[in-house]
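First the structure, then my questions, so here it is.
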Amino acid sequence: MTSVIAVVAIDARDPGRVAEFWAAALDWEAWPDPDGGGVTLAPPGSTGQSGASGPSIDVFPVPEGKSVKNRLHFDLRADDSTQADEVERLLALGATRVDIGQRPDVSWIVLADPEGNEFCVLQRSVQEAEASAPS
């Protein structure tokens, strides 16, 4: 038997704010945790449980702020728009552009969520990748 990623956890000083950003960014639903002060995010229709559609995201409170570059991060791909349009949408939701030392010629754009957790927006959509794949 193998392991399956059930949940990705994000620590946050303000879990509600971070969960609101990621729910809007991913178009996912959010369920507050009545016991722990956190929020669970999952794709629509999944009732907040990990399942066939992949892992959920839990955002839980911690007392300290982020202090160093993430060792693990999300790579997002805009499937219904261009990379530039998706970056603008995410910036409007509260993301910020960040420089983590990436070279100027990379094809991805590095952003951070409202508490500074870095993530990347990839250049090509699924449709563009499929269209350019060799037959």
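Could you go through the range 59-65 in sequence order and give the Karplus-derived ³J(HN,Hα) for each residue, using 6.51 cos²θ - 1.76 cosθ + 1.60 with θ = phi - 60°, rounded to whole Hz, and x for Gly and Pro?
Once θ is set to phi - 60°, the couplings for the range 59-65 become 10, 10, x, 9, x, 9, x Hz.
How big is the shadow of the Cα convex hull of the range 74-132, averaged over all directions, in nm²?
4.2
Using 0.36 nm times the number of residues separating S107 and K66, minus their current alpha carbon distance, what extension gain do you get? It would help to have the intermediate numbers written out before the result.
Details: separation 41, 0.36 × 41 = 14.76 nm, distance 2.60 nm.
So the chain would gain 12.2 nm between S107 and K66.
Rounded to the nearest 10 degrees, what's the angle between the helix 15-26 long axis and the longest principal axis of the chain, both from Cα atoms, 0 to 90?
Approximately 30 degrees, to the nearest 10.
Please quote Rg/Rh for the chain to two decimal places, taking the Kirkwood radius as Rh and restricting both calculations to Cα atoms.
Over the Cα atoms of the chain, Rg/Rh equals 0.98.
I would also like to ask the following. Amide H to amide H, which residues 5 or more places from E29 or on other chains are under 5 Å from it, using H placed in the peptide plane?
A42
Using a cut-off of 11 Å between beta-carbons, work out the net charge of the residues near F74 (Lys and Arg +1, Asp and Glu -1, F74 not included).
Numbers: positive: R77; negative: D75, D113, E118.
Result for the neighbourhood of F74: -2.
Each residue of the range 86-95 in turn: what ³J(HN,Hα) in whole Hz from Karplus with 6.51, -1.76, 1.60 and θ = phi - 60°, glycine and Pro shown as x?
Each residue's phi maps through the Karplus curve to give 5, 4, 4, 4, 5, 4, 5, 7, x, 6 Hz.
Further, regarding this structure: Can you list residues whose amide H is under 5 Å from G38's amide H, if they're 5+ apart or on another chain and H is modeled 1.01 Å from N?
So G38 has HN proximity to D33.
Take every DSSP beta bridge with both residues inside the chain and express the antiparallel ones as a percent of the total, to the nearest 5.
So the antiparallel bridges amount to about 60 percent of the total.
Applying the Karplus parametrisation 6.51 cos²θ - 1.76 cosθ + 1.60 with θ = phi - 60° to the phi angles of the range 117-123, what ³J(HN,Hα) value in whole Hz is obtained for each residue in order, glycine and proline being reported as x?
So the J values, rounded to whole Hz, are 6, 6, 8, 10, 10, 6, 6.
Taking H as built 1.01 Å from N, whose amide H comes closer than 5 Å to the amide H of A12, not counting residues under 5 places away?
Amide H to amide H, under 5 Å and 5 or more residues apart or across chains, A12 pairs with F60, V62.
Each value in this text was obtained by applying a stated rule to the coordinates, not by laboratory testing. Every value quoted in this text rests on a predicted model; they were computed, and no experiment measured them. Cβ coordinates were reconstructed from backbone atoms using ideal geometry, including for glycine residues, and neighbour counts include every protein chain displayed.
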